[in-house]
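K.L.:
To start, I am sharing the structure in question, which I have written as structure tokens.
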Amino acid sequence: MDRIYLSPPHIGTLERQYVNEAFDTNWISPAGPHITAFEQELAAYLGEGVHVAALSSGTAAIHLALIILDVKQGDEVICSSFTFSGSCNPVVYVGATPVFVDSEPVSWNLDPTFLRQAINDRITKTGRKPKAIIVVDLYGNPAKLDEITAISREFGIPLIEDAAEALGSSYKGRKLGTFGEFGILSFNGNKIITTSGGGALVSTNREFIEKARFLATQARDLAPHYQHSQIGYNYRLSNVCAGIGRGQLKVLDERVKARRANYEFYVKNLKNSSNFEFLSEPEGSFSNRWLTTVLIKTPGLYPEKLRLALEKENIETRALWKPMHLQPVFKDAPYYGNGLSERLFNEGLCLPSGTALTQENLGRIVAYLKAVR
């Protein structure tokens, strides 16, 4: 049987047209007209008066956001624990310490109650409030952003919204990636749209985005020669990759529709099975359903057992994120929570969710899910 991948790229015809333009005009570099156009088109899609810097990855975007917020050695940054390591590794890049906060059960994202507890406790223990908060919109699902942004404002702590998995999702009619001082997007090969590899930094503060572009191009000063007054980074997206992104962005709404249809197929065809529990969509939230996830409720049927059974049928699945506070590299970091993210990790699995999945593919996956015991 042909392999069914978890979340492969889905490329159309416009992408090739834009890439050919880059070749025909010899803009094969981290500069060129596609980059500017891609940034403008992303900003128009997101709305809310944002500005965008197209970068080499979402991780790079978080790194630059922390630098612009002056996070440095000795500072602390609150992070969602239930996420990919790219959300919190940049905290270590700048010499700061991540403080991990557990999930709440509705969206699986950062719990506002534990967030408040963590802030108060860090102030008590260190005499200083955390320098920033990184909240993740996991698997495309909006976090409790009203409560989290209110806490951010109350304590005067800048908010970075990691919407790497959530382009096309919204919360109360507002696109994800537009909350807080910064938003983060990712265009990695497995995301809902891709630039092969890439990401973006989003902010309503134009000066922040101009600063990000400056830092992302090795912080070269305005001079007739190469002069640098501060450390910079090679983080700019290439014009070729931006061309891919422009083509992908034009079909983003179609990709969201397809991902949501995958989710609905799984729910419809597995709703009578007591084996699986799906993450619902609370009122006010609109998820791009980047990955459809399930919690396995049958005693003795563990995620790894199911993953291996499906792998034998050439179907790729993946465990949910292992919480960051359980990762060996972060074993000494502060953590606030009740173990919910650990329970999710122990019970959950990500199902194939690509936008090119056929009804035949989906039927094959569901048949095997029902058959495994």
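The values are calculated or read from the model by the stated rules, or taken from the named source; none is laboratory data. As the structure is a computational prediction, the values presented were derived from the model and not from experiment. Glycine also receives a Cβ, built like all others from the backbone with ideal geometry; neighbour counts cover every protein chain displayed.
Condition check ((1) part of a loop (DSSP other than H, G, I, E, B); (2) under 14 Å from residue 35 (Cβ atoms); (3) outside the structural domain of residue 60 (by TED's automatic domain parsing)) across all residues:
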position	(1), (2), (3)
224	yes, no, no
228	yes, no, no
232	yes, no, no
242	no, yes, no
256	no, no, yes
261	no, no, yes
264	no, no, yes
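K.L.:
Same structure again: Could you please find all residues in segment 67-97 being in contact with a Cys (Cβ under 7 Å, 6 or more places away or on another chain) and surrounded by fewer than 24 Cβ atoms within 10 Å (Cβ to Cβ)?
P.N.:
none
K.L.:
Further question on the same structure: Could you check how many residues of segment 118-142 are in a helix (DSSP H, G or I), touching a residue at least 40 places away in the same chain (Cβ under 8 Å) and farther than 15 Å from residue 98 by Cα?
P.N.:
3
K.L.:
Output the residues belonging to segment 29-53 that are of a type in the set (A, V, I, L, M, F, W, C), farther than 23 Å from residue 171 by Cα and either buried (at least 20 other Cβ atoms within 10 Å of the Cβ) or at pLDDT below 95 (or both).
P.N.:
Answer for segment 29-53, where residues must be of a type in the set (A, V, I, L, M, F, W, C), farther than 23 Å from residue 171 by Cα and either buried (at least 20 other Cβ atoms within 10 Å of the Cβ) or at pLDDT below 95 (or both): 31, 35, 38.
K.L.:
Can you pull out the residues in segment 189-222 that are basic (Lys, Arg) and either surrounded by fewer than 24 Cβ atoms within 10 Å (Cβ to Cβ) or part of a helix (DSSP H, G or I) (or both)?
P.N.:
Answer for segment 189-222, where residues must be basic (Lys, Arg) and either surrounded by fewer than 24 Cβ atoms within 10 Å (Cβ to Cβ) or part of a helix (DSSP H, G or I) (or both): 206, 211, 213, 220.
K.L.:
Let me ask you something else. Picking from 143, 132, 163, 150, which residue would you name as being in contact with a Gly (Cβ under 7 Å, 6 or more places away or on another chain) and of a type in the set (Gly, Ala, Ser)?
P.N.:
From the options 143, 132, 163, 150, the qualifying one is 163.
K.L.:
Still on this structure: Restricting the first residue to segment 231-252 and requiring it to be without any contact (Cβ under 8 Å) to a residue 60 or more places away in the chain, which pairs with a second residue that is of a type in the set (S, T, N, Q) and not in a strand (DSSP E or B) meet a Cβ separation below 7 Å and a spacing of at least six or different chains?
P.N.:
Within 7 Å, the pairs are 232/218; 241/195; 241/196.
K.L.:
Whether any residue in segment 321-343 is within 18 Å of residue 354 (Cα to Cα) and outside the structural domain of residue 171 (by TED's automatic domain parsing) is what I want to check.
P.N.:
Checked against the condition, which is being within 18 Å of residue 354 (Cα to Cα) and outside the structural domain of residue 171 (by TED's automatic domain parsing), segment 321-343 yields no hits at all.
K.L.:
Further, regarding this structure: So in segment 293-346, with the set limited to residues that are of a type in the set (Phe, Trp, Tyr) and surrounded by fewer than 20 Cβ atoms within 10 Å (Cβ to Cβ), which one is modelled with the lowest pLDDT?
P.N.:
Checking each candidate, the answer is 302.
K.L.:
Given the criteria aromatic (Phe, Trp, Tyr) and within 21 Å of the chain's Cα centre (by Cα), does residue 84 qualify?
P.N.:
Criteria met by residue 84.
K.L.:
Shifting gears a bit: Which ones in segment 1-22 are exposed (fewer than 13 other Cβ atoms within 10 Å of the Cβ) and not in a loop (DSSP other than H, G, I, E, B)?
P.N.:
Correct list: 17, 20.
K.L.:
In this structure, is residue 154 buried (at least 19 other Cβ atoms within 10 Å of the Cβ) and charged (D, E, K, R)?
P.N.:
no
K.L.:
Do you know which residues across segment 267-292 are modelled with pLDDT of 95 or more and of a type in the set (Ser, Thr, Tyr)?
P.N.:
285, 287, 292
K.L.:
Moving on to the next point. Report, by residue number, each residue of segment 209-235 that is within 17 Å of residue 90 (Cβ to Cβ) and touching a Phe, Trp or Tyr at 6+ places or on another chain (Cβ under 7 Å).
P.N.:
Once the filter is applied, which keeps residues that are within 17 Å of residue 90 (Cβ to Cβ) and touching a Phe, Trp or Tyr at 6+ places or on another chain (Cβ under 7 Å), segment 209-235 yields 215, 216.
K.L.:
To continue, here is another question. For segment 79-114, what are the residues that are in a helix (DSSP H, G or I) and free of Cβ contacts under 8 Å to residues at least 60 places away in the same chain?
P.N.:
89, 90, 91, 92, 93, 112, 113
K.L.:
Being farther than 24 Å from residue 114 by Cα, assigned to a helix (DSSP H, G or I) and touching an Asp or Glu at 6+ places or on another chain (Cβ under 8 Å), is that true of even one residue in segment 277-291?
P.N.:
no
K.L.:
Scan segment 203-214 residue by residue and report those that are of a type outside the set (Gly, Ala, Ser) and either within 20 Å of residue 159 (Cβ to Cβ) or over 22 Å from the mean Cα position of the chain (by Cα) (or both).
P.N.:
204, 205, 206, 207, 208, 209, 210, 211, 214
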